[in-house]
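Worksheet for the structure shown next.
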Amino acid sequence: MTSIAKPPVRHPALHPNALGLTRRDYEGAMSTLCAGCGHDSVTAAIVQACHELDVVPHRVAKLSGIGCSSKTTAYFLRQAHGFNSVHGRMPAVATGVSAANRELAIIGVSGDGDSLSIGLGQLCHAIRRNVRMLYVLENNGVYGLTKGQFSASADVGSKAKRGEQNRQKPIDPVLLALTLGATFVARSFSGDKAQLVPILKAAMRHEGFALVDVISPCVTFNDHEGSTKSYASTRERQHEVAPVDFVPITHEIRASYAPGEALTVPMHDGSLVRFRKLAEDYDPTDRDAAYATVKRVHEQGEVATGLLYLEEDAADMHALNHTIAAPLYDLPFETLCPGSAALEELMRELE
């Protein structure tokens, strides 16, 4: 994990948000990833999303596992709580953080190896429990930190840097999440910040588990001809299912226009956003349609991006387990641990 601090330089043109913080206040240490790594673009998108959402840095817990992707958490929100877990175990730590202090915003960053091989079981159960967190999966189809082995998301026929082909079918994290009942599923490309930032903002406001799979090319081991997760391949095959934007909740903005038409709407900050209503044949609340869309686009040799599925009313982990409203972190020790007499009384009830 890097420990190189950025120089404390503030450009006068940086705009403060509602908290008086600029983007620099949401940054972390200087990245030591390879120049051009897609993960650094993801970091920049997270910084922008947090700044625009007026996120309070010390009310965030950022968590990761092992791998190049897991270095990302060092590069944003230096004032947030942080934990770098054992390989693939980040979801369990995130579950514990949520159980102890449900008021913290949780951002977990993982990679395709960390999530789909070593930590696959962990990811599945975090989805099942609907742990309220943003789970960013930086997906490059390769183990970059250990010099370029295929990961579980490498496509059949994808070539390694030395020319060997992958012959095993990949695990698609989006299809996996849809199958397991995830309540927020999206996919984007690290090089498409205009799409990625609003997706991250919506995911951070989601009341449940939000998976954002980001195709994030590895420039050292998997950005060559024959790779299906290179910059060139992703740009060529990217297929945006629908335009995406997100407006934080302040007061209601109303607009009325017909499907397929465009409308310019003034936002709270005075900016103007030109909306074009989505095609009527795509419904992000239809899980089966989302699954079929991802499969169909994939079979066309393309990558579906955008908000693919959203279920807003699903119960999260705390609702499912009927936990108390107050964070356990705020309760006095005597309440959390009432003593041996209370334990003996509880045991008698079970006899």
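The values are calculated or read from the model by the stated rules, or taken from the named source; none is laboratory data. None of these values were measured; they are calculated from a predicted model. No Cβ is skipped: glycine too gets one built from the backbone with ideal geometry, and neighbour counts run over all protein chains shown. Remember, those area values only see protein heavy atoms, side chains included, never the ligands or the DNA or RNA. Shrake-Rupley method; radii C 1.70, N 1.55, O 1.52, S 1.80 Å.
Structure values in brief
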item: Residue within the range 65-75 that is in contact with a helix residue (DSSP H, G or I) (Cβ under 6 Å, 6 or more places away or on another chain), aromatic (Phe, Trp, Tyr) and buried (at least 23 other Cβ atoms within 10 Å of the Cβ) present; result: yes
item: From 31, 41, 3, residue being more than 24 Å from residue 102 (Cα to Cα), touching a strand residue (DSSP E or B) at 6+ places or on another chain (Cβ under 9 Å), modelled with pLDDT under 95 and open to solvent by 10 Å² or more (accessible area, probe 1.4 Å); result: 41
item: Members of the range 174-220 that are assigned to a loop (DSSP other than H, G, I, E, B) and open to solvent by 40 Å² or more (accessible area, probe 1.4 Å); result: 191, 205, 207, 219, 220
item: Scan of the range 95-127 for residues that are in a helix (DSSP H, G or I), out of contact with any strand residue (DSSP E or B) (no Cβ under 9 Å at 6 or more places or on another chain) and either more than 19 Å from residue 67 (Cα to Cα) or charged (D, E, K, R) (or both), ordered by number; result: 96, 99, 100, 124, 125
item: Only one of 26, 75 that is under 28 Å from residue 219 (Cα atoms) and in contact with an Asp or Glu (Cβ under 9 Å, 6 or more places away or on another chain); result: 75
item: Verdict on residue 319 being farther than 29 Å from residue 171 by Cα, open to solvent by 40 Å² or more (accessible area, probe 1.4 Å) and either touching a helix residue (DSSP H, G or I) at 6+ places or on another chain (Cβ under 7 Å) or not in a loop (DSSP other than H, G, I, E, B) (or both); result: yes
item: Subset tally (residues that are at pLDDT 80 or above and assigned to a loop (DSSP other than H, G, I, E, B)) for the range 274-306; result: 4
item: Residue 39 vs. criteria touching a helix residue (DSSP H, G or I) at 6+ places or on another chain (Cβ under 9 Å) and in a loop (DSSP other than H, G, I, E, B); result: no
item: Residue match in the range 118-132 (condition: without any contact (Cβ under 8 Å) to a residue 24 or more places away in the chain and buried (at least 20 other Cβ atoms within 10 Å of the Cβ)); result: no
item: Given (1) at negative phi; (2) surrounded by fewer than 24 Cβ atoms within 10 Å (Cβ to Cβ), number of the condition residue 54 does not satisfy; result: (1)
item: Condition check for residue 156: under 23 Å from residue 212 (Cα atoms) and open to solvent by less than 10 Å² (accessible area, probe 1.4 Å); result: no
item: Filter pass, residue 62 being closer than 29 Å to residue 229 by Cβ, of a type in the set (Lys, Arg), open to solvent by less than 60 Å² (accessible area, probe 1.4 Å) and assigned to a strand (DSSP E or B); result: yes
item: Leading residue by the ranking (farthest from the chain's Cα centre (by Cα)) among those in the range 76-108 that are touching a residue at least 60 places away in the same chain (Cβ under 8 Å) and surrounded by 23 or more Cβ atoms within 10 Å (Cβ to Cβ); result: 98
item: Scope the range 40-61; condition more than 19 Å from residue 198 (Cα to Cα) and in contact (Cβ under 8 Å) with a residue 40 or more places away in the chain; matching residues; result: 59, 61
